[in-house]
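Please treat every number below as a calculation from the coordinates, not as lab data. What you see is a predicted model, and the numbers here were worked out from it, not measured in a lab. Because the Cβ atoms are built from the backbone with ideal geometry, glycine has one as well, and the counts that use them run over all protein chains shown.
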Amino acid sequence: MITFNRAPYIPKAQEYVADVIKSSEIAGDGKYTKLCSEWMENKFSAKKVLLTTSCTAALEMAAILLDIQPGDEVIMPSYTFVSTANAFAMYGAKTVFVDIRPDTMNIDEKLIEAAITEKTKAIVVVHYAGVACEMDVINNISHKYNIPIIEDAAQGVMATYKDQSLGTIGDLGCYSFHETKNYVMGEGGALVINNEQYLERAEIIREKGTNRARFFRGEVDKYSWVDVGSSFLPSEINAALLYGQLECAEKINDDRLKSYQFYYEHLKDLEAEHCLELAYVPDYCKHNAHMFYVKLKDLEQRERFIRYMREKGAYCVFHYVPLHSSEAGIKYGYFSGTDNYTTTESNRLVRLPMYYGLSKEDKETIIQAIEKFLN
Ligand SMILES: *Cc1c(COP(=O)(O)O)cnc(C)c1O
């Protein structure tokens, strides 16, 4: 059976994890956490990167940093993972869902302005599949109304928009290193701080509301409880696992892009014959092959496709019940404007197996099965 996903296995990462266990310095913010943060700060030209226990945790930190209060509104797409909304709903915000563009599945930047009210506290963009949202337009809206931008760049590590790394464009960026993402800690993530005004408080929130980070830098002579916060920092074991992968991030990225290109080359004729649709990537966006999806006619054909592929030995999956039509989404949010694409496009989309080290034979098996299904 060809699995849908596999976490990258990097021997060096295993060595680093063993190194941590032997050293007995297993708690957070040790050697490997520092190495990961510095690596990302250099590679992505980011002001500050703080490792977290998940992208969900990074989004929750963003909600605390923006001082989200009951009654505030936060704009985001409905076509996203629950954490994008949940992190803000937890602090009492109403989630205002905006329709997506059918070509990239990202928030439609032309519809954001109409969703803004005096209560709008943030715009959360999601770079779906590692393909950037239209950030120039969204930045202009942010400046015009003085509303901060949070990037949910869970899927966008190592991808760029006009040569800027995703996660470093808005005020705050959130990465995921969950097992299903391109680089993994098991469970893990990072908060990227691009707007300096959030820096000091972010360190405090991440350390249970204490100024422990300043204490370790010798800036205060004892550390104490100074603000609200939680335990948002991951163990060194997780950081060591990640560092082994970051060291060969280009290699992992190239391998994924090669698989993406293989799928694309073998499916583009079927797209030209209108048998299916493929993703659109604007030429100023460099994606990271986080996923390869195809869009079929409708829900019924997609269900048949998933069943057929499973019979042929390949796990293909769909995702995201649009948040505005889910139980909590109805309770905590509303859809701004008309749902022209969110529901119809999400019903058609299916993801093909994609991971570091996916073999050529497996990809050929998948392509042959797709051709057979469609012909
Ligand atoms: C995976 C994902 C998350 C959640 O990441 P965790 O690290 O599992 O918390 C959030 N948003 C998007 C868009 C994701 O794909």
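Some points to look at:
- The distance between label points at LYS360 and ASN340 comes to 4.4 nm (points 7 Å beyond Cα on the Cα→Cβ vector).
- Each of PHE305, ILE64, ILE75 was placed along the dipole of the chain (beta-carbon charges, centred on the mean Cα), and the one lying farthest toward the positive end is PHE305.
- Distance from the C-alpha centroid of the stretch 1-71 to that of the stretch 344-375: 30 Å, rounded to the whole angstrom.
- Two-site FRET efficiency, GLU265 against ASN139, from Cβ-Cβ distance with R₀ of 35 Å, rounded to 0.05: 0.50
- The stretch between GLU300 and ASP163 holds 45.4 nm of extra length on full extension. This uses 0.36 nm per residue minus the Cα-Cα distance.
- Inter-probe distance in nm under a simple model that places probes 7 Å from Cα toward Cβ, at LYS31 and SER45: 3.2
- Volume of the convex hull of the chain (Cα atoms only), normalised per residue: 135 Å³.
- Residue among ASN146, ASN182, ASN288 with the largest mean-square fluctuation in a Gaussian network model of the chain, springs linking Cα atoms under 10 Å: ASN146
- Cα-based radius of gyration for the stretch 157-210, normalised by 2.2 N^0.38 Å, reads 1.27.
- Under 13 Å of direct C-alpha separation, and excluding same-chain neighbours fewer than eight residues apart, LYS34 reaches these aspartates and glutamates: GLU236.
- Isotropically averaged projected area of the stretch 155-305, using the convex hull of Cα atoms (one quarter of hull area), nm²: 12.4
- Out-of-range pairs (alpha-carbon distance over 32 Å; input LYS222/LYS251; LYS43/LYS94; LYS43/LYS208): LYS222/LYS251; LYS43/LYS94
- Sorting the segments 88-94, 113-119, 246-252 by their mean number of nearby beta carbons within 10 angstrom, highest to lowest, gives 88-94, 246-252, 113-119.
- Spatial separation of Cα centroids for the stretch 176-235 and the stretch 258-326, in angstrom: 37
- Extension gain for ARG214-SER23 works out to 66.3 nm (0.36 nm per residue, less the C-alpha to C-alpha distance).
- Going from the residue with the fewest nearby Cβ atoms within 10 Å to the one with the most, THR52, THR80 rank THR80, THR52.
- Of the trypsin sites (Lys or Arg not before Pro) found in the stretch 9-89, the ones in coil according to DSSP and having at most 16 other Cβ atoms within 10 Å of their Cβ are LYS47.
- Computed [θ] at 222 nm, helices only, for the chain once each DSSP H run of length n ≥ 4 contributes -39500 (n - 2.57): -12000 deg cm²/dmol
- All distinct Cα pairs of the stretch 318-375 go into the 1/r average, and the inverse of that average, the Kirkwood radius, is 14.4 Å.
- Efficiency of FRET from Cβ geometry, GLN69 and ASP103, R₀ 51 Å, rounded to 0.05: 0.90
- Three semi-axes of the equivalent ellipsoid, the stretch 91-194, Cα gyration tensor, whole Å, largest first: 23, 15, 13
- The stretch 24-104: Cα Rg divided by the 2.2 N^0.38 Å rule of thumb: 1.38
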